[in-house]
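First the structure, in the form of structure tokens, and then the observations on it.
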Amino acid sequence: MRKGPFLVFLCLVCSFPCFAGRLHGVVTDEKGAPLPFASVFVKGTSIGTTANNLGKYSIDLGPGTYTISCQHVNYTRMEQSVTMTDAPAELNFSLTLQQTTMKEVVVTAGAEDPAYEIIRNAIKKKKDYADALDSFTCDAYIKTLIRTRKVPKKVFGQKIGDESRRDMGVDSAGRGIIYLSESLTKIAYKKPGKVKLEVLSGRESGSNGFGFNFPTFTNFYTNNVNVFAMQMLAPRGFVSPIADGALFYYKYKYLGSFFEDGKEINQIKVIPKRKFEPLFSGTINITEGDWRIHSLDLMLLKESQLQILDTLIINQIHVPVGNDVWKTKDQSIYFTFNLLGFDAVGNFLNVYNNYNTTPAFSKKYFNNVVMAYDTAANKKSRAYWDTVRPVPLEAEEAFNFRVKDSAFKAQNDSARSRRTIDSLRRQQGRVTAGKILWSGYTRSNFHPDHPLTYTWEPLLKNLSYNTVEGVVANAAVSIRRSFPALKEQIGFTPHVRYGFSNGHLNAWGTFTFNKRYFMRDTESAGGVSTRHTWTISGGKRVSQFNKADPITPLFNSIYTLLFQQNYMKIYENYFADLGWSKRFDNDLRIAASVLYEDRLPLDNSTDFSIFKKEGRTFTPNYPFEQINAQFTRHQAVIAGIELQFRPGQKFVQFPRGKMPVGSKYPNLAFAYYKGIEGIFGSDVNFDKWRFSVSDDENFKLLGMLKFNVSIGGFLNSKKVPIQDYQHFNGNQVFLASPYLNSFQLAPYYANSTTAPFYFVGNVEHHFNGLLTNKIPLFRRLNWNLVAGANSFYVNRDNNYAELFLGLENIFKLFRVDLIGSFLNGKNGQVGVRLGFGGLLGNNVKLR
């Protein structure tokens with residue numbers, strides 16, 4: 001951050017109480033009821049504030065005489081003059097409902113409503129207003145509140161007890177504020193499309209978090225309106241009432257016009273033509289002659305393809321900020337949701353002040369950091385917030401901050417005490433047989449300087465069965481120790497595996513060391529952030545021939561026991577593996593490794609299956625499609641390097657680190673592996689490479705396209721054991737394998753190769769409600785189409801392709817695909833795969 005402007009800002013903040021008087025008051029309607037979130041500002045400037053939920057406002061002004069404007073969507077603007085001194089002054093407003101007058105028109109049968117001509121003019125002019133300024137800066141105050149009206153007794157079978165309710169901040173009836181935050185952010189913009197947000201201050205009630213700091217600029221001058229910039233909320237976005245094709249989606253009704261400062265404003269009712277389309281309803285006010293947005297009051301419902309939320313209402317007021325340019329002055333977003341038994345309401349209040357339409361930026365100001373937090377952003381005092389906050393807190397909000405912040409401070413102050421540490425340890429409970437066998441457990445010493453944590457993996461959930469080892473028992477524990485002051489962490493994970501049929505015991509362990517580094521650059525409000533990891537592992541283990549583990553032990557167990565099909569092929573190996581990885585400041589990621597394996601063959605030792613099918617036998621425990629007999633014991637030393645980079649990566653910079661947030665360019669990855677002969681008796685000699693390109697492309701109303709394309713091959717294939725072939729991730733079980741990285745109906749090893757070149761492509765398109773929203777009754781389910789293709793090509797005798805069409809977001813969790821395949825140029829098979837996909841399902845990971 002540049003020191004000059006920030007010091008000026010601090011000086012102004014600190015000096016306000018010395019020379020400014022506070023103007024305060026209440027905004028009500030004509031019946032005396034408070035008008036929440038009314039806009040109050042000094043006429044002719046962008047200096048102003050917004051009333052809170054109770055209609056109360058306050059603003060600091062220096063001595064002088066001012067004209068104060070007060071307005072609310074669908075109410076007549078009111079102006080009053082006030083003379084300020086150093087003393088506080090009160091100025092109340094009582095707004096009346098907007099009285100519109102209808103233009104004199106000649107009404108004829110079938111005549112078009114005057115609203116359509118107004119909207120056409122607004123559509124023609126919107127490009128001029130969408131990006132009217134070459135550059136600007138402004139301050140955004142953001143307050144976020146979520147309040148529950150009801151809390152369930154259980155979630156996913158877990159009881160929400162009285163203590164949990166108290167921690168959430170709700171009473172016995174489940175009512176209370178569960179989230180409250182406020183922040184002050186400086187917004188900077190410069191053409192073409194350069195944006196930087198500097199979070200000057202932010203706080204969350206009851207924590208040391210930064211609050212919700214991302215200003216929700218909802219731009220209705222764009223064709224597709226993005227609310228909150230959240231894919232989960234609405235992946236297709238919403239059609240603006242003045243989009244280029246808006247007349248295809250909306251009907252309009254002229255409600256009349258009113259005048260402000262001699263300018264006529266037309267009030268238009270916005271009506272969706274069809275349900276279950278991403279469309280708004282409500283009113284939009286358009287100025288006469290220049291056809292710009294004056295204000296709006298628009299709503300989204302479930303039938304607008306709104307996800308998670310049940311209702312969302314957006315109010316905006318636009319004001320002149322200079323040179324015939326209007327910008328958003330106030331924006332309030334009210335929402336409700338009822339999910340998993342939580343019934344809640346909330347609002348996001350954004351107040352934009354101090355617009356500067358001719359800012360000067362240093363050369364380094366705009367860089368790959370799009371959002372930067374001041375190092376003291378979450379350390380501001382209560383007095384600071386009382387000075388800079390443009391919207392008065394309600395009594396309940398002030399109480400929430402006071403009580404929860406006091407409790408958090410007390411908890412932190414006592415965190416280092418022996419009594420607190422002992423209490424936290426006791427709360428972890430005893431280690432029981434149930435935890436050892438079924439649920440697992442995690443324990444911590446809660447040391448403030450050197451925390452130590454270990455996690456036990458449950459024994460019964462890690463039981464499996466295969467034809468080589470019979471019943472397999474696995475035991476593992478992860479131990480991690482952190483050194484926060486040094487930004488370091490070490491970890492050790494030992495494993496033990498025993499097969500009851502072949503009597504083989506395997507044991508191995510992994511040691512990891514992580515180190516983070518960060519240095520801040522105050523000039524560009526950026527910084528340098530890197531992270532590196534060392535990994536050392538060794539012992540004796542069991543591995544699949546395809547190291548991508550295309551089939552899980554659970555599903556191999558199910559198919560072996562119930563269907564007499566042993567898809568998983570495994571071998572034993574004594575091994576040692578040294579790995580190093582580093583993530584650079586530009587998000588370039590490099591990983592290098594050296595692996596030694598002494599590979600031992602394993603054969604089937606049992607043919608037990610609960611249901612045996614006549615004529616079916618278990619297949620040998622090796623990729624019999626590629627080799628005619630079990631491989632012989634051999635050694636392998638393999639060195640590898642992997643690089644991953646996304647050009648144009650953008651970052652959010654926190655006081656102690658950076659987080660990548662995406663780029664308009666695809667992700668690029670390269671890998672190279674060298675089989676080295678002669679070292680430690682190594683019998684392998686090969687050179688293998690792979691280059692991949694992957695990305696997601698959001699086409700808004702048309703859905704989202706995802707793809708992953710790779711090419712690769714062997715530059716040298718003199719000595720390539722079956723374990724080091726290029727394997728394609730097949731799938732022969734009913735549960736879908738990872739999308740965009742596998743082939744849902746392909747065999748596991750039939751097409752493995754050592755060819756000098758191969759191609760792999762995975763592509764799928766998520767329609768996100770497109771097309772299915774046209775089907776009556778079905779569209780209420782909110783199940784969405786997904787379609788695509790997966791293929792690989794080695795040569796004319798070794799290739800595979802599959803096409804699929806499916807439904808996702810089934811109960812927000814599941815996805816079902818119908819798939820047809822072609823193997824080596826011939827018709828393959830048709831099958832169905834059940835997987836996870838949708839609002840909740842996209843976050844489920846089985847592997």
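The values are calculated or read from the model by the stated rules, or taken from the named source; none is laboratory data. Nothing here was measured: the structure is a model prediction, and the numbers come from that model. Cβ: placed from backbone, ideal geometry, glycine included. Neighbour counts: every protein chain shown. Heads up: the accessible areas ignore ligands, DNA and RNA and are worked out on the full protein's heavy atoms, side chains in. Shrake-Rupley method; radii C 1.70, N 1.55, O 1.52, S 1.80 Å.
Counted residue by residue at 0.36 nm each, then reduced by the alpha carbon distance between them, the extension gain from GLN630 to LEU715 reaches 28.0 nm. Taking 12 Å as the straight-line reach from the Cα of LYS263, the aspartates and glutamates in range (excluding those fewer than 8 positions away in the same chain) are GLU288, ASP290.
Å³ per residue of the Cα convex hull, for the stretch 299-379? Before the final figure, lay out the partial values.
Values: hull volume 15.8 nm³, N = 81.
It comes to 196 Å³ per residue, whole-number rounded.
For the chain, the longest principal axis of the C-alpha atoms and the axis of helix 114-130 are separated by about 70°.
Pairs with C-alpha atoms separated by more than 31 Å, drawn from the list LYS461/LYS582; LYS124/LYS273; LYS275/LYS812; LYS269/LYS774; LYS127/LYS812, are LYS461/LYS582; LYS127/LYS812. Summarising the label geometry, the points placed 7 Å from Cα in the beta-carbon direction at ARG780 and GLU303 lie 1.1 nm from one another. Eigen-decomposition of the gyration tensor built on the alpha-carbon atoms of the stretch 173-289 gives equivalent ellipsoid semi-axes of 32, 20, 18 angstrom, largest listed first. For semi-axes √(5λ) of the Cα gyration tensor in Å, one of (1) 58, 29, 26; (2) 57, 33, 26; (3) 49, 33, 29 was computed from the structure I shared and the rest are decoys. Which label? Checked against the structure: label (2).
At most 14 other Cβ atoms within 10 Å and a DSSP loop assignment: could you name the trypsin sites (Lys or Arg not before Pro) in the stretch 767-804 that fit? Please report the intermediate quantities before stating the final value.
Numbers: sites: LYS774, ARG779, ARG780, ARG796; in loops: ARG796.
When the trypsin sites (Lys or Arg not before Pro) of the stretch 767-804 are filtered for loop state and at most 14 Cβ neighbours within 10 Å, ARG796 remain.
Rolling a 1.4 angstrom probe over the protein heavy atoms with all chains in place gives the stretch 763-847 an accessible area of 54 Å² per residue. Of the residues GLN267, PHE248, THR222, the one whose Cα sits farthest towards the positive end of the charge dipole of the stretch 214-302 is PHE248 (charges of +1 on Lys and Arg Cβ, -1 on Asp and Glu Cβ, taken about the Cα centre). Maximal additional length on extending the ARG418-THR432 stretch stands at 2.5 nm, based on 0.36 nm per residue less the C-alpha distance. Within the stretch 141-218, the ratio Rg/Rh, alpha carbon atoms throughout and Rh by Kirkwood, equals 1.17.
Simple rule: put +1 on each Lys or Arg Cβ and -1 on each Asp or Glu Cβ in the chain, find the dipole, and look at VAL42, SER164, SER593; the Cα lying farthest toward the positive end is SER593. Normalised by the number of residues in the stretch 62-144, the average gap of Cα pairs under 8 Å and 6 or more apart makes the relative contact order 20 percent. The Cα trace of the stretch 386-450 gives Rg and Dmax of 18.9, 57 Å, the first to one decimal, the second as a whole number. This model, with +1 at the C-beta of Lys and Arg and -1 at the C-beta of Asp and Glu, gives the stretch 635-766 a dipole about its Cα centre of some 480 debye. The average projected area of the stretch 39-180, computed from the convex hull of its Cα atoms over all directions, is 17.6 nm².
Can you give me the Kirkwood hydrodynamic radius for the stretch 706-847, using every pair of distinct Cα atoms, in Å to one decimal?
On the way: mean 1/r = 0.0617 Å⁻¹.
Across the stretch 706-847, the inverse of the average 1/r is 16.2 Å.
Ligands, DNA and RNA left out, the accessible area of the chain computed with a 1.4 Å probe is 59% carbon and sulfur. Remark: relative contact order (the stretch 764-820) = 28 percent; criterion is Cα-Cα distance under 8 angstrom and separation of 6 or more residues.
Using DSSP to call loops (not H, G, I, E or B), can you name the GluC sites (Glu not before Pro) in the stretch 102-173 whose Cβ has at most 16 other Cβ atoms within 10 angstrom?
Numbers: sites: GLU104, GLU112, GLU117, GLU163; in loops: GLU104, GLU112.
Filter output for the stretch 102-173: GLU104, GLU112.
Summed over the residues of the stretch 410-508 and divided among them, the accessible surface reaches 59 Å² per residue at a probe radius of 1.4 Å. Loop-located trypsin sites (Lys or Arg not before Pro) in the stretch 656-741 (DSSP state not H, G, I, E or B) with no more than 16 neighbouring Cβ atoms inside 10 Å: ARG656, LYS664. If you average the C-alpha positions of the stretch 182-235 and of the stretch 272-294 separately, how far apart do those two centres end up, in angstrom? Going from one Cα centre to the other spans 23 Å. Cross-link partners of LYS186 among aspartates and glutamates, defined as those whose alpha carbon lies under 14 angstrom from its own and excluding same-chain residues fewer than eight positions apart: ASP139, GLU198, ASP374. Normalising the average separation of contacting C-alpha pairs (under 8 angstrom, six or more residues apart) by the number of residues puts the relative contact order of the chain at 8 percent. What separates the Cα centres of the stretch 305-333 and the stretch 21-35 is a distance of 21 Å.
Rolling a 1.4 Å probe across the protein heavy atoms gives the stretch 234-316 an accessible surface of 31 Å² per residue.
Only four residue types carry charge here, +1 at the Cβ of Lys and Arg and -1 at the Cβ of Asp and Glu. Report the dipole size of the chain about the Cα centre in Debye, rounded to the nearest 20.
Values: 101 positive and 72 negative charges, 307 e Å.
Once rounded to the nearest 20, the dipole reads 1480 debye.
Taking the charge dipole of the chain about its Cα centre, with +1 at Lys and Arg Cβ atoms and -1 at Asp and Glu Cβ atoms, the residue from GLY662, CYS70, GLY193 reaching farthest to the positive side is GLY662.
Seen against the Cα atoms of the chain and their longest principal axis, helix 395-413 is set at about 40 degrees. Of all lysines in the structure, those lying under 19 Å Cα to Cα from LYS719, and not within fewer than 8 positions of it along the same chain, are LYS547, LYS674, LYS688. Lys-Lys pairs in the stretch 282-439 that are eight or more residues apart or on separate chains and whose Cα atoms lie under 25 Å of each other come to 4.
Determine by what factor the alpha-carbon radius of gyration of the stretch 263-401 differs from 2.2 N^0.38 Å, reporting the quotient. Cα-based Rg divided by the globular estimate yields 1.36. Using a cut-off of 15 Å between beta-carbons, work out the net charge of the residues near LEU393 (Lys and Arg +1, Asp and Glu -1, LEU393 not included). Net of charged neighbours comes to +3. When ARG443, ARG120 are compared by accessible area at a 1.4 angstrom probe, the order from most to least is ARG120, ARG443.
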